[in-house]
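Working notes, structure below.
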Amino acid sequence: MADDLCFFTKDSFILKSPKKSPLVLRTVVLFFVMVCGVYICTICLKQISTGSTTEFLNFRVVQKPCPEPNIEPWEIPYVHYPNPKTYSRAECACNPVRYFAIMSMQRSGSGWFETLLNNHTNISSNGEIFSVKVRRSNVSTIFETLDKIYNLDWMSSASKNECTAAVGLKWMLNQGLMQHHKEIVEYFNTRGVSTIFLFRRNLLRRMISILANSYDRDAKPLNGTHKSHVHSPYEAAILASYKPVVNVTTLIPSLRQVEETTKKGLEYFKSTRHIILYYEDVVKNHTVRKMFQKADLLVWL
């Protein structure tokens, strides 16, 4: 009877846990693989999208280089393709531009000569820019102003359209040129700027013109306004009625000083590409005057 009671042994009460279903495990692994796959695909698509956008933008920015102009090899340093910051040259971006500077002295016909140049459709001479002292206070400000002019970013009444073929300014010898001549010569030679010297042969007439201009500044006989340059025979006759008094004592020293200043200017800038003109010759010589009125000037510039 005791054997019958102990029929159930100790091992009979040990229950083995059932094995996990392989289907559940496979489902979990598959889900994990799918999540990782989606994440990796998303990252790859973003990289591909960024790369293609960058290539597209780079393609848009690249510009076709301008063809070489049909000029002599020695002219190449004097032909430029400025890229203005304030506007686009559009279809004229490959039109070459030449840089120049008119160096002169007050009352030497530079205003009349500059008007002659500006009559050309594609030539811009921007006036006596360095008459403002701040612009010539040091070499840095001078260079900043020149860069703005030659980059076609200087806006004035003489500024032409985006197809400008020659751009420059009028610069008096007593407006920082002589003080900083070494640096300016280096700038001109590096940037390919051509120099036009314009002086008067008759220095006595120049002195009389200075005296008359001083009188006009104070008296203002032309309707109460001061005009450095007249544009009609009537205005010229009014100014001619003034008879200035010349100080004979200081006359000769003053004329000699002008001559010395002119010689120094020519000596300082002789290494630049330049041409020397005299007001009287340009006025009398119709051939020379027509050259500056037409496109023939661009051949020299």
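The values are calculated or read from the model by the stated rules, or taken from the named source; none is laboratory data. Note that the structure is a prediction, hence the values are computed from the model and not measured. Cβ: placed from backbone, ideal geometry, glycine included. Neighbour counts: every protein chain shown. To get the accessible areas, we keep the full protein, side chains included, count just its heavy atoms, and leave off ligands, DNA and RNA. Shrake-Rupley method; radii C 1.70, N 1.55, O 1.52, S 1.80 Å.
Each row is one residue, and each column tells you yes or no for (1) part of a loop (DSSP other than H, G, I, E, B); (2) in contact (Cβ under 8 Å) with a residue 60 or more places away in the chain.
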site	(1), (2)
LEU146	no, no
THR164	yes, yes
GLY168	no, yes
VAL185	no, yes
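If you check SER228, SER209 for being closer than 30 Å to HIS180 by Cβ, at pLDDT below 90 and polar (S, T, N, Q), only one passes: SER228.
Note on region 166-191: residues that are open to solvent by less than 60 Å² (accessible area, probe 1.4 Å) and either closer than 15 Å to PHE130 by Cβ or touching a Pro at 6+ places or on another chain (Cβ under 7 Å) (or both) amount to 15. Can you confirm whether ALA212 is open to solvent by 50 Å² or more (accessible area, probe 1.4 Å) and assigned to a helix (DSSP H, G or I)? In short, no. Put simply, of ALA236, ALA219, ALA212 the only residue that is over 24 Å from ASP281 (Cβ atoms) and small (Gly, Ala, Ser) is ALA219.
Residue-level check: of (1) under 15 Å from ILE196 (Cα atoms); (2) surrounded by fewer than 21 Cβ atoms within 10 Å (Cβ to Cβ), HIS120 misses just (1).
Report whether or not LEU251 is part of a helix (DSSP H, G or I) and either under 23 Å from ASP281 (Cβ atoms) or at pLDDT 90 or above (or both).
So LEU251 passes the test.
Checked across region 272-279, the condition of being in a helix (DSSP H, G or I) and either among the aromatic types (Phe, Trp, Tyr) or closer than 19 Å to SER110 by Cβ (or both) holds for at least one residue. VAL139 falls short on exactly one of the conditions (1) within 30 Å of HIS229 (Cβ to Cβ); (2) modelled with pLDDT of 95 or more; (3) surrounded by 14 or more Cβ atoms within 10 Å (Cβ to Cβ), and that condition is (1).
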